[in-house]
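These notes concern the structure reproduced below.
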Amino acid sequence: MSANTAELNYAGKTYRFPIVTGSEGEKGIDISTLRRDTGLVTYDSSFQNTASCRSSITYIDGEQGILRYYGYPIEEIAGRYTFVETAYLLLHGEFPTKEQRAQFSRKLNEYSLLHEDMVHFFDGFPRGAHPMHILSTMINALATFYPNVDLLSLKEDIDTSATRLISIVRTLAAFAYKKSIGEPMVYPRHDLSYCANFLNMMFNSPVKPYKIDADIVDALNLLLVLHADHEQNCSTTAVRVIGSAQVNLYATISAGISALSGPLHGGANQEVMNMLRQIQSRSETVDSVLARAKDKKDPFLLMGFGHRIYKSYDPRARIIREMCAKILDKLHVRDPLLDIARELEEKALKDEYFVDRNLYPNVDFYSGIIYHAIGIPEDMFTVMFTLGRLPGWIAQWREMVQDKNRKIARPRQIYTGPALRHCPEPHR
Ligand code: CMC
């Protein structure tokens with residue numbers, strides 16, 4: 001037996017399968033011929049042991065807490081590169097030159113305006129509708145206004161569609177917020193950077209002009225950069241699976257947004273704030289929250305803790321934790337929720353339950369505190385995650401559609417229902 005093959009002994013026969021090796025040395029068994037050769041399938045509920053694709057975009061080592069985009073460590077990107085530059089990196093594999101960045105920014109401006117007929121759609125949503133639901137619906141509706149993005153015809157090149165989407169999602173997100181608070185929508189401005197433009201659309205009003213603060217713009221850039229990609233997580237897998245059916249890009253991204261909205265995924269940042277507030281209002285204590293999280297009879301989880309891949313500190317959470325105090329200081333914000341979060345983290349990291357299970361704070365644990373400090377309302381937190389994750393989804397989708405060996409994603413199952421039986425006479 002060689003290190004390049006794995007053997008399977010089954011029903012008196014030995015089968016050999018090649019080992020595929022990634023550029024960082026991680027190894028997987030290539031079982032593409034398994035069913036053909038043995039009649040067997042693999043059973044891997046929730047894909048905990050399955051590599052669903054080969055990808056050159058993002059590398060994570062969950063044991064060591066490493067995250068890299070195209071080989072660049074997240075610690076070297078965050079705080080130094082803007083979100084627009086990071087989005088460009090994810091879409092093209094390299095950071096932009098000065099000229100490329102200027103051209104990308106020009107295009108982002110060019111596509112920032114929403115088709116005016118779509119603005120009326122917002123009137124159809126009830127007051128109080130969650131902005132994530134509005135956003136996924138509106139993104140899906142884009143396909144009716146820009147129908148040239150069908151994969152089969154590819155009349156519009158992928159770059160144009162990707163740029164339009166990254167630009168317009170920001171307008172849609174801000175419009176959804178303005179609608180939810182009953183204020184007039186603020187249109188995008190060509191003289192503002194990506195993040196400044198978003199903040200202006202969110203907070204400017206005819207009666208109270210919004211003053212753009214460079215520190216807030218920097219904080220937003222940092223948060224979006226940290227969320228920009230995270231390899232094959234739930235929403236990215238949704239994007240790849242839906243996209244594999246040759247669905248148009250907008251419908252595909254809409255599916256990713258729906259997946260992200262779940263409380264176990266992107267929705268956790270909002271849940272963290274609810275949890276911290278409960279402690280602040282004294283309806284819970286740090287100890288009672290920890291006790292409930294450990295109680296297997298209670299469905300409650302310590303929100304913002306744990307990760308499928310990271311079995312050590314989430315590197316994004318480490319950066320956000322470090323930046324949190326600095327940003328609050330810069331903005332002259334004193335938020336008692338930060339003290340509660342720190343106490344909760346400190347106690348959890350010493351608690352046998354969390355230590356034994358390698359449960360550490362994830363990206364959602366501290367991000368809400370910064371969003372809160374820069375004025376983003378809680379039901380927009382997951383929308384912010386969406387703005388950040390969009391370039392990653394598009395990059396992963398593009399990698400999938402450009403793979404010459406791509407096929408529609410279609411797992412198998414182990415059927416556990418009744419054996420063959422015959423229909424009774426219908427009740428008439
Ligand atoms: N609080 C209490 N116990 C937990 C938690 C938690 N937050 N997370 C995991 N556990 C326990 C879990 O009950 C299990 O215990 P046992 O071995 O006794 O059955 C053990 O730890 C292993 O957990 P798991 O359920 O096998 O872990 P998973 O990989 O299936 O789930 C997770 C990962 C992120 C969904 C989960 O940790 C969780 O629900 N965390 C809270 C929600 C959250 O913060 N989500 C944001 C994730 S990061 C941003 C993103 O990518 O969306």
All-but-one check, R308 against (1) within 25 Å of M380 (Cα to Cα); (2) away from the ligand (no atom under 14 Å from the Cβ), failing number (2)
Kindly indicate which of R68, R101 is farther than 23 Å from T236 by Cα, among the charged types (D, E, K, R) and free of Cβ contacts under 8 Å to residues at least 40 places away in the same chain.
-> R101
Pairs, first within 16 Å of R412 (Cα to Cα) in the range 18-39, second loosely packed, with under 14 Cβ neighbours inside 10 Å and not hydrophobic (A, V, I, L, M, F, W, C), C-beta under 7 Å, six or more apart = I31/T42; L34/T42; T38/Y10
Considering A219, A214, which residue is surrounded by fewer than 19 Cβ atoms within 10 Å (Cβ to Cβ) and more than 16 Å from the ligand (Cβ to nearest atom)?
-> A214
Those residues of the range 281-300 which are surrounded by fewer than 17 Cβ atoms within 10 Å (Cβ to Cβ), hydrophobic (A, V, I, L, M, F, W, C) and within 9 Å of the ligand (Cβ to nearest atom), in sequence order = F300
Enumerate the pairs (first residue in the range 253-274 and more than 14 Å from N140 (Cβ to Cβ); second residue anywhere and more than 7 Å from the ligand (Cβ to nearest atom) and in a loop (DSSP other than H, G, I, E, B)) with beta-carbon separation below 8 Å, excluding pairs fewer than 6 apart on the same chain, so at least 6 apart or on different chains.
-> L260/G267; G267/S261
Of all the helices (runs of 4 or more DSSP H) wholly in the range 166-279, which have at least 1 residues that are modelled with pLDDT under 95 and more than 30 Å from M400 (Cα to Cα)?
-> 214-226
Those residues of the range 372-393 which are modelled with pLDDT under 95 and within 14 Å of the ligand (Cβ to nearest atom) amount to F381, T382
Identify, from the list M185, M201, the residue that is among the hydrophobic types (A, V, I, L, M, F, W, C), closer than 24 Å to Y111 by Cα, touching a residue at least 24 places away in the same chain (Cβ under 8 Å) and in contact with a Pro (Cβ under 8 Å, 6 or more places away or on another chain).
-> M201
Restricting the search to the range 198-212, which residues are in contact with a Lys or Arg (Cβ under 9 Å, 6 or more places away or on another chain), within 28 Å of R321 (Cβ to Cβ) and not aromatic (F, W, Y)?
-> M202
List, please: which pairs have Cβ atoms under 8 Å, are six or more places apart or on different chains, and start with a residue in the range 227-240 that is more than 17 Å from D61 (Cα to Cα) and within 9 Å of the ligand (Cβ to nearest atom) and end with one that is of a type in the set (F, W, Y) and open to solvent by less than 30 Å² (accessible area, probe 1.4 Å)?
-> S235/W393
In the set M323, M384, M380, the lone residue that is hydrophobic (A, V, I, L, M, F, W, C), in contact (Cβ under 8 Å) with a residue 60 or more places away in the chain and over 30 Å from G128 (Cβ atoms) is M323
For N197, state whether it is buried (at least 22 other Cβ atoms within 10 Å of the Cβ), under 25 Å from the mean Cα position of the chain (by Cα) and more than 16 Å from the ligand (Cβ to nearest atom).
-> yes
Buried (at least 19 other Cβ atoms within 10 Å of the Cβ), under 30 Å from A51 (Cα atoms) and of a type in the set (S, T, Y), is that true of Y310?
-> yes
Just give me the residues in the range 22-48 being under 26 Å from the mean Cα position of the chain (by Cα) and open to solvent by less than 100 Å² (accessible area, probe 1.4 Å), in sequence order.
-> G22, E24, G25, E26, G28, D44, S45, S46
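The values are calculated or read from the model by the stated rules, or taken from the named source; none is laboratory data. On a predicted model such as this, the values are computed, not experimentally measured, just so you know. All Cβ positions, glycine included, derive from the backbone under ideal geometry; neighbour counts span all protein chains shown. Side chains are part of the model used for accessible areas, which takes the heavy atoms of the whole protein and leaves out ligands, DNA and RNA. Shrake-Rupley method; radii C 1.70, N 1.55, O 1.52, S 1.80 Å.
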